[in-house]
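First comes the structure, then the notes that go with it.
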């Protein structure tokens with residue numbers, strides 16, 4: 001009997017690993033957060049955490065496991081005189097904190113269950129800021145003269161605001177090769193040249209951003225979103241904090257997002273739209289501060305109240321627009337303190353809507369909460385092409401066990417969000433708005449190797465971006481709005497040919513089935529967009545039932561042969577999964593093996609052939625890759641997004657466009 005698990009996608013596994021770290025970004029026994037090479041916008045709020053470690057055993061065992069409790073910490077600017085942290089920031093010295101933690105040094109230690117215990121002495125200095133541009137040296141001294149240094153940089157502010165509004169689209173997991181594949185499916189070409197192209201192809205500026213984590217070269221959506229929103233690298237699973245070793249995931253050293261800065265400094269409006277459950281990493285990173293991305297109830301609270309669930313930290317007191325899935329975390333028993341967040345949002349003046357009809361009719365002058373399903377929202381392919389898959393799911397946003405078949409799509413949510421934000425901003429001094437809109441299931445479908453659904457989500461994103469420009473024009477906001485489209489990370493995906501799905505299904509052996517894959521000249525032309533008519537000079541645009549920019553058919557005989565470099569054991573037949581999202585592999589009850597793990601799902605692609613996986617057997621889905629990802633921008637300030645730069649550069653360019661840097665403390669009263 002097959003046991004299928006549809007747990008939340010893209011959460012990093014904490015099982016088997018090849019590289020073990022005592023604490024990320026802390027190579028010495030003295031830890032400074034923010035760590036070396038951190039860059040700030042002037043006035044960006046942050047915390048300082050200092051830790052001194054004393055391992056009791058293992059290769060780093062030191063001081064008989066007794067950490068130095070008399071450590072000192074100094075800061076100097078541009079080679080000036082060193083000052084104690086309390087003098088420099090004019091703050092009181094906090095109380096000393098003590099705890100211990102354990103970790104494994106390597107796989108051998110993990111298999112032998114012999115962890116290292118580390119005793120810790122620590123201090124934390126909360127809600128600080130550096131206002132003067134320049135270079136700073138932070139120095140932790142401990143154990144009779146041992147030093148850990150961190151070099152910090154404060155950039156020059158932009159001094160001039162280029163954009164009143166910023167819309168940041170994130171195609172979660174959207175590698176450049178996926179953009180290429182989506183163009184092939186959704187746009188018509190003749191003799192190797194496209195007659196129509198993606199909206200992304202028409203943007204004013206093109207760049208590439210690198211996606212490394214702070215302590216690993218493969219990122220997840222939490223620390224990659226953190227980099228985009230704050231200009232700071234963090235660890236896997238961490239949202240807008242440096243992951244420390246303390247027991248409490250909420251007390252880790254925090255730093256401010258561009259949304260929080262925009263709200264605090266400019267007094268602007270903030271909106272968040274996603275087709276994921278709304279507490280998922282990419283939307284959560286706009287307001288949440290925790291090293292554990294799975295703290296969903298607290299994340300929901302942060303959308304309404306800022307960081308008050310455990311540690312009051314920021315002036316941010318609520319988004320103006322919040323839309324997505326994840327209804328289970330809005331009501332007991334899975335909500336924060338078992339509160340009804342539908343009621344709490346309504347009491348705070350929000351319109352609360354549950355389907356696309358209510359969304360369309362919502363008052364655009366009021367703040368808006370739209371929650372349309374439990375879990376993740378339906379995929380574009382199921383909403384538009386296979387609607388039978390949207391019923392019988394018992395996923396109502398009212399948590400009553402009924403269905404949620406009337407969900408809006410990304411375009412409907414985004415355009416309504418723009419309408420609400422624009423109207424509310426103009427009614428409150430016209431200070432502008434920022435909106436993050438996420439095509440979440442590009443990534444979620446790539447994880448389960450459902451390439452058709454992933455590319456459908458990407459085409460939906462492109463269609464939404466195109467419609468956004470028209471909406472901005474209609475509202476008179478186009479000339480004042482910077483639009484940026486990027487990804488948080490990629491997958492190792494590409495198209496390498498075509499597949500004759502009819503022949504593949506009829507072939508008797510795995511090797512014969514592989515004959516159905518055509519490469520180079522045998523790949524032929526796209527079967528998704530076909531020419532109409534018989535006149536070779538008639539280049540009339542082909543429009544499918546879903547409109548321009550989408551395939552005429554999702555089930556051609558000659559389909560794309562696509563794959564990824566990171567996958568579990570799977571069976572492949574290159575056909576669209578008409579019954580719903582794919583489940584390529586999972587545990588199979590009763591099947592014993594020397595190494596437990598995941599096996600090919602016998603119900604997936606039954607006419608296909610098996611490919612042995614490239615991942616550890618505890619992984620049932622594909623994983624993220626190293627690839628750089630594209631950046632597409634138009635509007636005021638878009639020229640800054642050209643070139644190749646780190647993912648943190650997205651934040652600094654947005655901050656410059658909005659003129660968020662301040663050389664003195666500024667908080668707008670709301």
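No lab work stands behind these numbers, since they all come straight from the coordinates. Note that the structure is predicted; figures quoted are calculated from it, not measured. Note that each Cβ is placed from the backbone with ideal geometry, even for glycine, and that neighbours are counted across all protein chains shown.
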- Query: Remind me, relative contact order of the chain in percent, using alpha carbon pairs under 8 angstrom and six or more residues apart?
  - Reply: 20 percent
- Answer rounded, prolate or oblate for the stretch 249-293, using the Cα gyration tensor with square roots of eigenvalues a ≥ b ≥ c: rounded when a/c is under 1.5, else prolate when a/b is larger than b/c, else oblate. oblate
- Once every DSSP H run of n ≥ 4 in the chain is given -39500 (n - 2.57) and the sum is divided by its residues, what mean residue ellipticity at 222 nm do you get, rounded to the nearest 500 deg cm²/dmol? -6000 deg cm²/dmol
- Message: How high is the relative contact order of the stretch 30-154? Use alpha-carbon pairs under 8 Å, at least six apart in sequence, and give a whole percent.
- Response: 39 percent
- Antiparallel DSSP beta bridges within the chain, as percent of all bridges there, nearest 5: 65 percent
- Message: Using 0.36 nm times the number of residues separating residue 470 and residue 612, minus their current alpha carbon distance, what extension gain do you get?
- Response: 46.4 nm
- Query: On a 0 to 90 degree scale, rounded to 10, what angle separates helix 410-426 from the longest Cα axis of the chain?
  - Reply: 50 degrees
- Query: What is the spread of the Cα atoms of the stretch 174-306 along each of their three principal axes, largest first, in whole Å?
  - Reply: 61, 36, 26
- Item | Three-way shape call for the stretch 62-186 based on the alpha-carbon gyration tensor, with the a/c threshold at 1.5 | oblate
- Message: What FRET efficiency comes out for residue 589 versus residue 394 if R0 is 35 angstrom and r is the Cβ-Cβ distance? Round to the nearest 0.05.
- Response: 0.90
- Between rounded, prolate and oblate, where does the stretch 350-422 land on the alpha carbon gyration tensor, with a ≥ b ≥ c its root eigenvalues, rounded for a/c under 1.5, else prolate if a/b exceeds b/c? oblate
- Just report the Cα centroid separation between the stretch 82-157 and the stretch 352-405, whole Å. 45 Å
- Query: Per the Kirkwood treatment, what hydrodynamic radius in Å, one decimal, follows for the stretch 390-527 from the mean inverse distance over all distinct Cα pairs?
  - Reply: 18.9 Å
- Roughly how tilted is helix 221-230, in degrees to the nearest 10 and between 0 and 90, from the longest Cα axis of the chain? 60 degrees
- Item | Label point distance in nm, residue 96-residue 332, each placed 7 Å from Cα along Cα→Cβ | 4.4 nm
- Starting from the Cα of residue 216, step 7 Å along the direction of its Cβ; do the same at residue 668; then give the gap between the two resulting points in nm. 3.8 nm
- Item | FRET efficiency, residue 195 to residue 84 (Cβ-Cβ, R0 56 Å, nearest 0.05) | 0.25
- For the chain, find the longest principal axis of its Cα atoms and tell me its angle to the long axis of helix 176-186, 0 to 90°, nearest 10. 30 degrees
- When a footprinting reagent is the concern and you count Cβ atoms within 10 Å, what order do 472, 435 take, fewest first? 472, 435
- Query: Using a simple spin-label model with points 7 Å from Cα along the Cα→Cβ vector, what separation in nm is obtained for residue 512 and residue 36?
  - Reply: 6.2 nm
